[in-house]
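What follows is calculated from the coordinates using simple rules that are stated; it is not laboratory data. Being a predicted model, the structure only gives us computed values, none of them experimental. Because the Cβ atoms are built from the backbone with ideal geometry, glycine has one as well, and the counts that use them run over all protein chains shown.
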Amino acid sequence: MYVVLSQIAKKGDEIFQYFNTLIRKKRAVLDECCTDIVMVELFETATAGEYPAEKQNVSIQIDTYGGPAADPLTIAFTVNFRGDGSMGTFNPTTKKFTPKTV
């Protein structure tokens, strides 16, 4: 499965600091740009405080850095899915992903 999500992070966003420090400033390449994301289906009904979710390995690609001087500093980035994700549940209180057992 190949999925691409493109976004823009502005200075002050939590994700901006993560990308700026751990990817852009380090000039990260290859596996250094990889992480996991959890996509939580908050629109579904929670069971015991946990929502259906999918954990996915991704690589982060910095597309642009900067922007007009009058605007907040931005990082445009692309999230590239790597392989297949794993289904499970996510508890937003504990921030824990639990893989689904078969």
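With distances taken between every two different alpha-carbon atoms, the chain has a Kirkwood hydrodynamic radius of 15.2 Å. Length gained on full extension, A76 to V102, computed as 0.36 nm times the residue gap minus the Cα-Cα distance: 5.6 nm. Between the listed residues I23, P99, Q7, the Cα displaced farthest toward the positive end of the dipole of the chain, a dipole computed from Cβ unit charges relative to the Cα centre, is found at I23. Charge dipole of the stretch 8-71 (Cα centre as origin; +1 on each Lys and Arg Cβ, -1 on each Asp and Glu Cβ, all else neutral): 500 debye, rounded to the nearest 20. Couplings 3J(HN,Hα) of the stretch 36-43, computed from phi: 10, 10, 10, 9, 9, 8, 5, 7 Hz, in residue order, whole Hz [Karplus 6.51 cos²θ - 1.76 cosθ + 1.60, θ = phi - 60°; x for Gly and Pro]. The alpha-carbon of K10 sits under 21 angstrom from the alpha-carbons of these lysines, leaving out residues fewer than 8 places away in its chain: K25, K26. Taken one residue at a time, the phi angles of the stretch 62-74 give Karplus couplings (6.51, -1.76, 1.60, θ = phi - 60°) of 7, 8, 9, 9, x, x, x, 4, 7, 9, x, 4, 10 Hz. Gly and Pro are set to x. The length gained on full extension between F43 and R27, counted as 0.36 nm times the residue separation minus their Cα-Cα distance, comes to 2.1 nm. Ordering P68, P52, T35 by the projection of their Cα atoms onto the charge dipole of the chain, which places +1 on the Cβ of Lys and Arg and -1 on the Cβ of Asp and Glu, puts P68 at the extreme positive end.
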